[in-house]
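A.B. asks: Have a look at this one before I ask anything.
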Amino acid sequence: MAMEAAEIERLIKEGLPDATVDIRDLAGDGNHYAATVISASFRGKSRVQQHQMVYAALKGQMGGILHALALQTNVPD
């Protein structure tokens with residue numbers, strides 16, 4: 001069963017309430033997504049820490065129901 005883009009966005013925004021989230025379905029199959037997440041809570045964190053914060057917001061779905069997520073993170077301008 002695939003995970004919908006809206007559900008990915010909802011989980012990320014639930015875990016990072018100030019985040020701006022853009023989700024793209026890369027293959028049209030509901031299994032391969034790209035996400036751009038911008039959040040002030042990333043400020044001062046390494047890229048690895050930022051990605052870990054997003055994965056934590058996904059509550060263990062990464063690698064399970066969510067097969068692949070190309071992730072870009074940044075802080076707001």
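The values are calculated or read from the model by the stated rules, or taken from the named source; none is laboratory data. Computed from a predicted structure; not experimentally measured. All Cβ positions, even for glycine, are placed from backbone atoms using ideal geometry, and neighbour counts span all protein chains on display. Just so you know, the surface numbers come from the protein's heavy atoms only, side chains and all, with ligands and any DNA or RNA stripped out. Shrake-Rupley method; radii C 1.70, N 1.55, O 1.52, S 1.80 Å.
A.B. asks: For V75 and K59, calculate 0.36 nm times their separation in residues minus their Cα-Cα distance, and state this gained length in nm to one decimal.
C.D. replies: This chain segment gains 3.6 nm when fully extended.
A.B. asks: Ordering I12, I65, I23 by how much accessible area each has at a 1.4 Å probe, largest first, what is the list?
C.D. replies: Result, largest first: I65, I23, I12.
A.B. asks: As an exercise, use a Förster radius of 25 Å and the Cβ-Cβ distance of V48 and T20 to find the FRET efficiency, rounded to the nearest 0.05.
C.D. replies: FRET efficiency, V48 to T20: 0.75.
A.B. asks: In the full protein assembly as shown, how much of S46 is accessible to a 1.4 Å probe, in Å² to the nearest 10?
C.D. replies: 50
A.B. asks: Moving to a separate point now. Once you sort the root eigenvalues of the Cα gyration tensor of the chain as a ≥ b ≥ c, which label holds: rounded (a/c under 1.5), prolate (a/b larger than b/c) or oblate (the other case)?
C.D. replies: prolate
A.B. asks: Using Cα atoms only, what is the angle between the long axis of helix 47-57 and the major principal axis of the chain, expressed in degrees (0 to 90) to the nearest 10?
C.D. replies: With both axes taken from Cα atoms, the answer is about 60 degrees.
A.B. asks: Now for a separate question. Counting only protein heavy atoms, what percent of the accessible surface of the chain is carbon or sulfur at a 1.4 Å probe?
C.D. replies: 52
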